[in-house]
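> Sending over a structure as structure tokens; questions will come in a sec.
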Amino acid sequence: MRISFLLALTLVLPHAAAADDLEARAVALFEALQTDGQCPTYLQDRPAPTRRQFTVQGPEGDQPVTTFEFTCDAGAYNLVQTFLIHTDSDGLRPLFFAMPVTRMPETSESGGEPLAEPGAGTQITGYRTAPTLINASVDDITGRIVTTEKWRGLGDAGASGTWDLTAAGYVLRRYQIDATYDGKVDPVIVLDLRGAIAAE
């Protein structure tokens, strides 16, 4: 009986040690990236990251993916988060998220009057990458991330994005903006690739 118990320990402990080592490496990498104090909330108490494990479809079948979520900063109504990812193929690395760069018209083309529907005609002029997300909610089953960034406390202006977890990292699927400041939540969708993905 004692031999069986010791044998079980020898099988479990290396796996546990490897898991702990991965989290320790994630913390070390994250802290090494904080060179200009952009994560003051984390640096105050250094809380442990939120660790999540997923299985996604890769080129050669199912692939394990581990993510680490760090609380970077917190304001009155926005929480800033940073993420790291680990895969067998690419190892441990920080995540950067695709974001559309938009141009929002403020007046109509004809007489210079305010638009009847503020936000209508918003155009994507390019893309950038961001090392942080705001008010990110992570689906513990699929890994999908949805953000709800508030531009003021009332919540009637802001941006929201959806990113899906893949074997290559996170891919932007949907993005919407509410620039009305009209006391209502009425965003305009500027990017929606979900239908295109479903059709593939």
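The values are calculated or read from the model by the stated rules, or taken from the named source; none is laboratory data. As the structure is a computational prediction, the values presented were derived from the model and not from experiment. All Cβ positions, glycine included, derive from the backbone under ideal geometry; neighbour counts span all protein chains shown.
> Among the residues of the range 19-37, how many are surrounded by 10 or more Cβ atoms within 10 Å (Cβ to Cβ), without any contact (Cβ under 8 Å) to a residue 60 or more places away in the chain and outside any helix (DSSP H, G or I)?
The number of residues fulfilling the criteria is 1.
> Just one of the numbered conditions (1) at pLDDT 90 or above; (2) under 21 Å from the mean Cα position of the chain (by Cα) is not true of Asp62; which one?
(2)
> Something else about it: Among the candidates Thr142, Thr125, Thr129, single out the residue that is surrounded by fewer than 16 Cβ atoms within 10 Å (Cβ to Cβ), modelled with pLDDT of 90 or more and not in a strand (DSSP E or B).
Selected residue: Thr142, the only one of Thr142, Thr125, Thr129 that is surrounded by fewer than 16 Cβ atoms within 10 Å (Cβ to Cβ), modelled with pLDDT of 90 or more and not in a strand (DSSP E or B).
> So if I check each of Thr102, Thr71, which one is crowded, with 18+ Cβ neighbours inside 10 Å, in contact (Cβ under 8 Å) with a residue 24 or more places away in the chain, out of contact with any Gly (no Cβ under 7 Å at 6 or more places or on another chain) and of a type in the set (Val, Ile, Thr)?
Result of the check over Thr102, Thr71: Thr102.
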